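Chemist: This is the structure, below, for whatever I ask next.
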Amino acid sequence: MRLSELTKPVQDHAYAFLDEASKRELRRKILKGICIPGYQVPYASREVPMARGWGTGGLQVTLTLVAPHSTVKVIDQGADDSVNAANIRRFIARVAAAKTTTDACEATLIQSRHRIPEERLLEGQVLILQVPEPEPLRGVETSSAAAAELHADADYGMMWLKLYEQMVRYKRIIQGASYPVLVGNRYIMSPSPIPRWDVPMLHQAAHLTILSAGREKRLYCVPPYTEVRPLEFDDVPYQIENVDGMVCFRTGATHKFMNELPQEDGSSLFELSDSGYGEKILTETPLGETYYDSEGRFYHDGYLRQ
Amino acid sequence: MAYVAARGGEQAILEAENLYRELLGTLSLERVKIIEETMPYLIDRVMGEASIYAPELAALAIAQTGGELYESVLLLRAYRSTQPRLAYAAPLEQDDLKTVRRVSAAFKDIPGGQVLGPTLDYSHRVLRMEVLRGETVTHQTKAAPQASPSSFPALAAWQRQAGLLPEIQADQTVPSEIPDVTREPLLFPVSRAHKLQSLARGDTGGILALGYANMRGYGAVHPTINEVRLAYAEVLLTHPSTGVQFSAGQVRVSSSEIVTNFAGNPQDPRLELGFSATLGWNEVKTIAASMLDLSMERSGHPSQTPEFVLYHTEPVEASGFCIHFKLPHYVTFQSSLEAMRDVKGKGHREKVKEESAVALEEAML
């Protein structure tokens, strides 16, 4: 018997690029994250063949979970054909030989930057959000060691104060994307820079959400059917972006999150931010249930106060 | 909007990459060899930041990116992260190094002597224009009358004997148990192993900038270079079945020690020591890093806090995050814009103080 007969042919990398030790670490950290909803779990975060800050955290989770029978959707700002989404999708397909799709209902794994699809995700689907800054307290506490202590003590006074100060100065909370949420009535979490429109979609969701920051080396999870509440005062309800009167110029859709397209005459056109959803409307593909109906009503009655 | 909305984004990115590579010209083994042979200090810098000692791969990374150094470091790191950690080398003391250069600013002469070795320190920085006129320039050193020793003790060892530096106990942690920052997240408060490892793989420019800030006045430390050293280190491994130690080869390393003004108990004041070492010969980085090693014990100015220094001198993370701002951000921008229009529309504009524009700008990031 020869040694060469016992070994496998040389490969440039393992299946789905990451070596098995890295994948095992990630699976363990994901399980921990699922067990402690909203808690930031540090992980080694190995370098991958993509620049840090370009979705390496999401990519490591996707590469850990992907299998040859997976169907993967990758979006950036809601768009499947955004250049970086296209690049990530190309890489996943190349190293994992998985099927890819633009249909949110068809995907088993959805890696996304800054958006959640408009169609409701269902049990068994996994949403992987890319996260630039996992620490919701960074704005009020720059030291991550000190922030970890605040989380341990659930000492969130400074976050409330920050929102209160915005109220005093602007008569409303001016936080745009990355609106802080309380998960499972315990940890304040950054939902990643998704618009306020998307934040309610995490609440009591049927799907699993994994949020992963490669550069900051932290991941955290929202398991299915978990309470996710944006920070709001009793007398100041949480406000999603106002999309009243915006009509998608491609599909005629209303009451969905829109991209604003400035026109030369000073006006603006609007188009659906969720390009996969828009494509389904245009090709008359049967649509899934959406989080917001065509009148803008959110599917959990009473979750959004007036 | 074209770079997102256009169908065929995939084709566009492939062609953009093609264009970059076409402009670089043909990649060949010959080109890689020329880089490896003619640019050892560049190779060393890239290998140090990538924390992988592989001159041929470093030369390939430089060739493949046309010398875009952050890209080169990322290529090597991404390769390194696919490699298993098979063995742990034996720890080395400075005495074990085959030292080719070791100078000290603290004393006129030191045990073992000042050894200048190869350096541009005393060169006249004049461009050799004759080379552009077709002349070739070669240099030949004269052999010294007597060979210098191949290894030198650390000056700090003498200072400890003389009671100038506090005694230390050698750390007895077995190599496989030493925390490895390439396999674990960097957490704070930081272990000394992670601190020195992070400095060793830190961005040369970033380490220099923060080290310089400390030297120039933001630190309480006026440094004296105890020694700076360029050497060859044997990578000593233990054979897994026979238990015999053997050398897997030599790597170029640099190290630096700095001492500062005395401190501690007024009855028995001692000097303090900062240390740094890295793969490859990179003096400016190890000097600045040993300065930061010492300053980070003090925790005053941000440039003295481990979290500030170690996060922000990480070349792959810092460069990656910086260039990620090229990615579209129109969803987050739209979300902020909506809030701003609402504030404007409510007629609060006149009430909003001038300074609030700054706060809004911050919120929009």
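Chemist: Could you look through the range A:254-303, keep only residues that are in contact (Cβ under 8 Å) with a residue 40 or more places away in the chain and of a type in the set (A, V, I, L, M, F, W, C), and pick out the one that is nearest to the other protein chains (Cβ to nearest Cβ)?
Modeler: The qualifying residue nearest to the other protein chains (Cβ to nearest Cβ) is A:Phe257.
Chemist: Restricting to the range A:65-113, what's the tally of residues that are away from chain B (no Cβ under 11 Å), closer than 19 Å to A:Pro195 by Cα and part of a strand (DSSP E or B)?
Modeler: 3
Chemist: Within the set of pairs 6 or more residues apart or between chains, which connect a residue that is facing chain A (nearest Cβ under 7 Å) inside the range B:67-83 to a residue that is open to solvent by 40 Å² or more (accessible area, probe 1.4 Å) and outside any helix (DSSP H, G or I) with Cβ atoms less than 7 Å apart?
Modeler: Between residues of the range B:67-83 that are facing chain A (nearest Cβ under 7 Å) and residues that are open to solvent by 40 Å² or more (accessible area, probe 1.4 Å) and outside any helix (DSSP H, G or I), the close pairs are B:Ala78/A:Pro49; B:Thr82/A:His13.
Chemist: When you go through A:Ala107, A:Ala96 one by one, which is the residue that is open to solvent by less than 10 Å² (accessible area, probe 1.4 Å) and more than 24 Å from A:Tyr225 (Cβ to Cβ)?
Modeler: A:Ala96
Chemist: Taking the condition of being open to solvent by 40 Å² or more (accessible area, probe 1.4 Å), in contact (Cβ under 8 Å) with a residue 60 or more places away in the chain and assigned to a loop (DSSP other than H, G, I, E, B), how many residues in the range A:133-183 meet it?
Modeler: Number of matching residues: 1.
Chemist: Within the range B:163-196, track down each residue that is open to solvent by less than 50 Å² (accessible area, probe 1.4 Å) and among the polar types (S, T, N, Q).
Modeler: B:Thr182, B:Ser191
Chemist: Which residues, taken from the range A:115-130, are in a loop (DSSP other than H, G, I, E, B), open to solvent by less than 10 Å² (accessible area, probe 1.4 Å) and not aliphatic (A, V, I, L, M)?
Modeler: Result: A:Arg115, A:Pro117, A:Glu118.
Chemist: Within the range A:198-207, does at least one residue satisfy the condition of being in the same structural domain as A:Ile128 (by TED's automatic domain parsing), part of a strand (DSSP E or B), modelled with pLDDT of 95 or more and more than 23 Å from B:Val343 (Cβ to Cβ)?
Modeler: No, the conditions are met nowhere in the range A:198-207.
Chemist: From B:Ser104, B:Ser148, grab the single residue that is more than 29 Å from the chain's Cα centre (by Cα), surrounded by 10 or more Cβ atoms within 10 Å (Cβ to Cβ) and of a type in the set (Ser, Thr, Tyr).
Modeler: The match here is B:Ser148.
Chemist: Starting from the range A:211-229, take each residue that is more than 14 Å from chain B (Cβ to nearest Cβ) and list its partners that are among the basic types (Lys, Arg) and in a strand (DSSP E or B), counting only C-beta distances under 9 angstrom and pairs at least six apart or across chains.
Modeler: These pairs meet every condition: A:Leu211/A:Arg218.
Chemist: Let me ask something additional. Please verify whether B:Ala87 is in a loop (DSSP other than H, G, I, E, B) and among the small types (Gly, Ala, Ser), treating the condition exactly as stated.
Modeler: So B:Ala87 passes the test.
Chemist: Turning to a different aspect of this structure: Quick check on my filter: what residues within the range A:13-32 are within 14 Å of chain B (Cβ to nearest Cβ) and not basic (Lys, Arg)?
Modeler: Residues satisfying the conditions are A:His13, A:Ala14, A:Tyr15, A:Ala16, A:Phe17, A:Leu18, A:Asp19, A:Glu20, A:Ala21, A:Ser22, A:Glu25, A:Leu26.
Chemist: Given the structure, is B:Leu92 closer than 26 Å to A:Ala21 by Cα and either open to solvent by 60 Å² or more (accessible area, probe 1.4 Å) or in contact (Cβ under 8 Å) with a residue 24 or more places away in the chain (or both)?
Modeler: no
Chemist: Mind checking which pairs have a first residue in the range B:104-127 that is outside any loop (DSSP other than H, G, I, E, B) and a second that is open to solvent by 60 Å² or more (accessible area, probe 1.4 Å), Cβ under 7 Å, 6 or more apart or different chains?
Modeler: Cβ pairs passing all conditions: B:Val115/B:Ser148.
Chemist: Look at B:Arg216 and say whether it is among the basic types (Lys, Arg) and surrounded by fewer than 20 Cβ atoms within 10 Å (Cβ to Cβ).
Modeler: For B:Arg216, the condition - among the basic types (Lys, Arg) and surrounded by fewer than 20 Cβ atoms within 10 Å (Cβ to Cβ) - is met.
Chemist: Limited to the range B:13-39, what total is found for residues that are part of a helix (DSSP H, G or I) and surrounded by 16 or more Cβ atoms within 10 Å (Cβ to Cβ)?
Modeler: Result for the range B:13-39: 5.
Chemist: Next question, about the same structure. Testing B:Leu165 on (1) touching a Pro at 6+ places or on another chain (Cβ under 9 Å); (2) away from chain A (no Cβ under 14 Å); (3) not polar (S, T, N, Q), one condition comes back false. Which one is that?
Modeler: Every listed condition holds for B:Leu165 apart from (1).
Chemist: Quick one: what pairs do we get from the range A:42-58, first residue more than 7 Å from every other protein chain (Cβ to nearest Cβ) and in a helix (DSSP H, G or I), second surrounded by 24 or more Cβ atoms within 10 Å (Cβ to Cβ) and among the small types (Gly, Ala, Ser), C-beta under 7 Å, 6+ apart or different chains?
Modeler: Taking only residues 6 or more apart or on different chains, the pairs are A:Thr56/A:Gly214; A:Gly57/A:Ser45; A:Gly57/A:Ser212; A:Gly57/A:Ala213; A:Gly57/A:Gly214; A:Gly58/A:Ser212.
Chemist: Between a residue in the range B:16-32 that is farther than 25 Å from A:Val83 by Cβ and any residue that is of a type outside the set (D, E, K, R) and open to solvent by 60 Å² or more (accessible area, probe 1.4 Å), which pairs come within a Cβ distance under 6 Å, given they are 6 or more apart or on different chains?
Modeler: B:Val32/B:Leu60
Chemist: Here's a follow-up. Give just the number: which of (1) at pLDDT below 90; (2) surrounded by 15 or more Cβ atoms within 10 Å (Cβ to Cβ) does A:Asp12 not satisfy?
Modeler: (2)
Chemist: Within the group B:Leu69, B:Leu76, B:Leu86, which residue is at pLDDT below 95 and not assigned by TED's automatic domain parsing to the domain that holds B:Lys285?
Modeler: B:Leu86
Chemist: Among the candidates A:Leu261, A:Leu269, single out the residue that is open to solvent by 40 Å² or more (accessible area, probe 1.4 Å), part of a strand (DSSP E or B) and out of contact with any Gly (no Cβ under 6 Å at 6 or more places or on another chain).
Modeler: Only one candidate qualifies: A:Leu269.
The values are calculated or read from the model by the stated rules, or taken from the named source; none is laboratory data. Bear in mind that the values here come from a model prediction, so they are computed numbers and not experimental data. Counting neighbours? That spans all protein chains shown, and the Cβs are built from the backbone with ideal geometry, glycine included. The protein model used for the area step is the full one, side chains on, heavy atoms only, and it has no ligands, DNA or RNA in it. Shrake-Rupley method; radii C 1.70, N 1.55, O 1.52, S 1.80 Å.
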